[in-house]
Structures are given as C-alpha cells and as structure tokens.
Amino acid sequence: MPTNTLNGRTFEVDTEGFLTRREDWSEDLATDLAALIDLELSEDHLATLRFMREDSATTGVTPTLRRMQTVGGFDIKTLFALYPGKPAKKMAWLSGLPKPVGCV
Amino acid sequence: MRDMEKLLILGAGTAGTMAANHLRATLDQDAWSITVVDQDTQHRYQPGYLFIPFWMKPERVVKDRRELLHDGVDFVEAAIARVHREQREVELVDGRRLSYDWLVIASGTRPDPTLVDGMADGALWRDKVHEFYTYEGSVALKEALAGFTAGRILVHITEMPIKCPVAPLEFAFLVEDHFRKKGVRHKVDITYVTPLDGAFTKPVASAELGGLLKDRSIRLAADFAVERIDNEQHRLVAYDGRELPFDLLVTVPPNVGQQFVTDSGLGNDAGFVPVDKHTLRSVVDERIFVLGDASDIPTSKAGSVAHFATEEFVDNFVAATQGRPLPNSFDGHANCFVESGRGQAMLLDFNYDTEPLKGTFPVPVAGPMTLLKPSRVNHLGKLAFEQIYWKMLLPGRRLPVSSHMSMAGKRRPKE
C-alpha cells in the first residue's frame, strides 16, 4: 500500500487515495485533506465526518447517503451543498473510510 | 423419548428451499422437524425476470413452492408479523405463533419504489416508469417495450445494494440488441444511469463493462444520486441538479429487507440482518442464521451467493446444534453470468477479497467459459442454468463448482 505525507502527517492509502488504517485519521488531517479539494471545513462539515466515523465504528462499513439521512438526520440536499458534486465519495475520503460502493 | 427439535425457516425462495432440502437429508427424521413459512405458494425463477420483457413466457418462471420441498418438510402459507426471539417464537399475521429451537431467516430483499419521490406515487408508474425486479413489473415492461419504437430510454439504479447488481447492465445490453434487431436502434437513445462512479463497483470489471457500453453506443451517466422523478416533465432529477429527460424509464427501486425483520428489531436501517460474514450467524442471537439476500454480508445479493453460502452453512448448522465450533468459513463467493446481447454473455467470479478478474472458468486456459469477456458459451451456460436451478440446485444436489472461489484461470491486473 502506498504511503502519503501531508503537512508532516504520514498515512497509508489505497490505490484510489482512501485511507486504509482507521487510526491514521484525525480532524486536523481531514482539514488538511479538505484544502486539497478546495473545501474549508465548517462545524457543519465536521458534524457529518464525526457521524461517519462513529457510525462506521459500529457497522464496519461506510454509511450511504440514505443512512446519513435516516440515521444521522442530515438532509441529503444539505450534504450536496456542503460537498458539491460527489458528497458520498468526498465524505468517505475526508473521514478516512473506504470508498462507498454499497458492495458489488 | 425426548421432544423433537424444531427448525423453522422463514422464506421458501432459493436459500430457504435449498436449506430445507439439504438439512432434511442431513438431520434425523425422528429427532428434527423442519417447517418452512412463506406468504404465498409461488416460487419464481428470478433470473427469468430479465428475459420476460424480451422473449421468455412469464408462466415459465413459476413453480409451486410445495413441490420443490422434499418429503418431511412442512410448509405453512402465511405472512410473517415478527420474530419474538426471547420466547423463540414467530408470530404470523393471522395471529398464529410457531415456536422454534433454531431459526433460519431466508426472506430475501424486495424493491421498495415508495422510497423515491415520484416513483410508485407518480402518474407515470407502470406507464413510462417501469422496473423488472418483480413478476408484475417485468410483465408490464414487456408491454411497454412492445410499443416503443423511438425515443429516450434510461436504465437506472436508484441506490446500492441491489439484488443481482449486474442485472441493470444486462438489461441495457439486451434492450440495445432488441432495438437493433427491430431495425430502429438509430431512433432510440439509451443511457445507463448509476449512483456509482462507473459501470460497476470494482476497477477491472468496471473498465470492461464500461468499454462494452461504449462499444454499443450506450451513454453512461455516473455519480447520479436521484432526488425525484418529475412526472410532468418526464425527467429524472438528481440532487446535484442534473436532469435527464426520458420517454421510458427502467429503474431499479431501492432494495430493502422484509418489514417483519425491521419490526422484530433484527434489521439494519435497510432491513437487512447483521451477521458474521463467514458463518451467516446473527450477531445478536446464536439460534438465528440468515441465508441469501436477507443478510447484510458485503457481497452481491445473488442466487449464486445463496447457493454457495447454503452449502457451507449445512455443516455449520449441525455443529452449532451440537455445541461444536463451526467448521466452515464462507468466503463471499459469487458467480454471475452477465448477458451482453448479440447472443453472448460474460461471466464474473469473485469473493469478499478478490474482485472480478479476466481469464477462463472453471479450468485455466481451456475454460470453456470466459471471464469478463463476451462469448457464446457463457450465454448458453446462462440459459442452461434455468434447468440446473430447478433440477439440481433447489433439490440440494451438489454441482461440480466449488463453493469456495478458486484463483485457477484468473489473471491479476498488472500493478
């Protein structure tokens, strides 16, 4: 697995750049990663990422957008506003979770 | 003499029927009763739903569930209300209660078109908005296709996971071939619309299948998260503002588990039962196993998975009832034919850890099947499977295909 370094932090990623080790993640790393895709993380952004971390810790998988809405209470339209274009993918990448594929 | 042990199986589809027949051949007739519950008596060959819009006679996919169960398996026709696992009882909608010592949940998944605004509640439902994940839907789509000679068709997946994740791709290839044969292909615009970032989830298969879409001049609209169907303007609307006009929308509604699973407190947010992915045993109740689409295991919801998993399950179940450690570990093996039109099909073979790869199956080089590449022999294999399903799979005869995936014949992509 390739290793990336960003602002002095080292972390392991898969071939598509998603973190492979849960413990490599921190909110500071997320903030630095966000800058790479022209996002400045607000409290609203961080609330989504925290939910994803907590939820996946119990389920073992990256939550879907529907789950973000039904379980997390986030409005899907709001998620598209916070993460333009591809919210599920961007949120997974920023929260250090595997790319959401909903299985095969 | 001690009481009979009671095994109750919820659902008489592929997994439930296989499990009942395998276990009836394994468990002592004098010591074990096996009862299967289903809400109706019609077993449907679901792979046939893909073909009904094109050529398969609808009545051909249906057989009586009771005739598919071996002697010594009791059948109860009733809808299930909920599982009371503290009492080890299953409550039926008609008020009856069935007690059990061991429970197998094999109640599958169902499409729920009420979860998308403008789908089931829209004026265009079963008119210009169709699905082929139910018997009724597939038959209605056949009529819609017969009268369609020009315009825009969207083949659409609402969200993952869905049963048989390759079926919408197959439909796209078959519908393209359908219009080509009718000589009106140039008047029909076909777009494949998916919430994924490509034609499929895994890189090698996504590239091969995406290439085939391109070869057939089928457009790809990726990363499409549908918000609603606009029934007045005939448009599929995404959260990011994209709008795709259609004259015929063939959608796959969200797939969810059965209501009784949720009502029993056994399901996740989509109604699928969390299990250990290698043993299919419930994570909250050791007396419950879950087979087929009803569980949350991270592999395809497909008949082949139900088949391979059930074969691994039989010995595990016997061990569990005797208090022994479970001997078998299921690897998530799936084996799916993908109809690609032109009388050909592709074959995917994969598991939890290995994505679908190119190569030959089941024998290296000799095949005769080709992995991730269209061929006539794959298509004939898919057609032949219908008889194998009824005559070998459901009765519980072992096929000459290992329930564990093999790397023989597969080529790893170059790093």
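The values are calculated or read from the model by the stated rules, or taken from the named source; none is laboratory data. Bear in mind the structure is a predicted one, so any value in this text is a computation, not a measurement. A quick note on method: Cβ atoms are made from the backbone with ideal geometry, for glycine too, and the neighbour counts reach across all protein chains shown.
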- Note on the structure: Residue set B:Asp240, B:Asp247, B:Asp269; condition of a type in the set (D, E, K, R) and at pLDDT 95 or above; output residue B:Asp247
- Scan the stretch B:217-233 for residues that are more than 12 Å from chain A (Cβ to nearest Cβ) and surrounded by fewer than 19 Cβ atoms within 10 Å (Cβ to Cβ) and jot them down. B:Ser217, B:Arg219, B:Leu220, B:Ala221, B:Asp230, B:Asn231, B:Glu232, B:Gln233
- Subset of the stretch B:251-261 (residues that are crowded, with 18+ Cβ neighbours inside 10 Å and more than 15 Å from B:Ile153 (Cα to Cα)): B:Pro253, B:Pro254, B:Asn255, B:Val256, B:Gly257, B:Gln258, B:Phe260, B:Val261
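Residues checked against (1) touching a Pro at 6+ places or on another chain (Cβ under 7 Å); (2) under 30 Å from B:Val284 (Cβ atoms); (3) loosely packed, with under 12 Cβ neighbours inside 10 Å; (4) touching a residue at least 60 places away in the same chain (Cβ under 8 Å):
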| residue | (1), (2), (3), (4) |
| --- | --- |
| A:Leu33 | no, no, no, yes |
| A:Thr48 | no, yes, no, no |
| A:Phe51 | no, yes, no, no |
| A:Lys86 | no, no, no, no |
- Residue check, B:Ala106 among the small types (Gly, Ala, Ser) and buried (at least 16 other Cβ atoms within 10 Å of the Cβ): yes
- Query: When you scan the stretch B:1-51 for strands (runs of 3 or more DSSP E) that lie fully inside it, which ones turn up with 1 or more residues that are among the polar types (S, T, N, Q) and more than 15 Å from B:Glu67 (Cα to Cα)?
  - Reply: B:32-38
- Query: Within the stretch B:61-70, can you find the residues that are charged (D, E, K, R), out of contact with any Ser or Thr (no Cβ under 7 Å at 6 or more places or on another chain) and in a helix (DSSP H, G or I)?
  - Reply: B:Glu67
- Note on the structure: Exactly one of B:Leu196, B:Leu248, B:Leu266 is touching a Leu at 6+ places or on another chain (Cβ under 8 Å) and either buried (at least 17 other Cβ atoms within 10 Å of the Cβ) or more than 14 Å from chain A (Cβ to nearest Cβ) (or both), and that one is B:Leu248
- Which of the residues that make up the stretch B:71-83 are part of a strand (DSSP E or B) and either farther than 24 Å from B:Gly323 by Cβ or not assigned by TED's automatic domain parsing to the domain that holds B:Thr310 (or both)? B:Val73, B:Asp74, B:Phe75, B:Val76, B:Glu77, B:Ile80, B:Ala81, B:Arg82
- Query: on the phi < 0 side of the Ramachandran plot, surrounded by fewer than 20 Cβ atoms within 10 Å (Cβ to Cβ), of a type outside the set (D, E, K, R) and modelled with pLDDT of 95 or more: does that describe B:Val290?
  - Reply: no
- Query: For B:Val93, which of the numbered conditions (1) under 30 Å from B:Ala384 (Cα atoms); (2) surrounded by fewer than 19 Cβ atoms within 10 Å (Cβ to Cβ); (3) of a type in the set (Val, Ile, Thr) fails to hold?
  - Reply: (1)
- Message: Just to verify a result, which residue in the stretch A:40-51, among those that are within 25 Å of B:Asp117 (Cβ to Cβ) and not aromatic (Phe, Trp, Tyr), is farthest from the other protein chains (Cβ to nearest Cβ)?
- Response: A:Asp44
- Item | Search result, residues across the stretch A:60-88 that are in a helix (DSSP H, G or I) and more than 7 Å from every other protein chain (Cβ to nearest Cβ) | A:Met68, A:Gln69, A:Thr78, A:Leu79, A:Ala81, A:Leu82, A:Pro87, A:Ala88
- Task: Determine, yes or no, whether B:Ser300 is under 30 Å from B:Leu213 (Cα atoms) and either among the polar types (S, T, N, Q) or within 13 Å of another protein chain (Cβ to nearest Cβ) (or both).
- Result: yes
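For the stretch B:215-314, list the strands (runs of 3 or more DSSP E) that sit wholly inside it and hold at least 2 residues that are outside the structural domain of B:Pro356 (by TED's automatic domain parsing) and more than 21 Å from B:Leu103 (Cα to Cα); which are they?
Numbers: elements: B:219-221, B:226-230, B:235-238, B:243-245, B:248-252, B:288-290.
Those strands (runs of 3 or more DSSP E) span B:219-221, B:226-230, B:235-238, B:243-245, B:248-252.
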- Message: Tell me the residue from B:Glu355, B:Glu339 that is outside the structural domain of B:Leu23 (by TED's automatic domain parsing) and in contact with a strand residue (DSSP E or B) (Cβ under 8 Å, 6 or more places away or on another chain), please.
- Response: B:Glu339
- Go through A:Glu23, A:Glu16, A:Glu40 for me and flag whichever is without any contact (Cβ under 8 Å) to a residue 24 or more places away in the chain and in a loop (DSSP other than H, G, I, E, B). A:Glu40
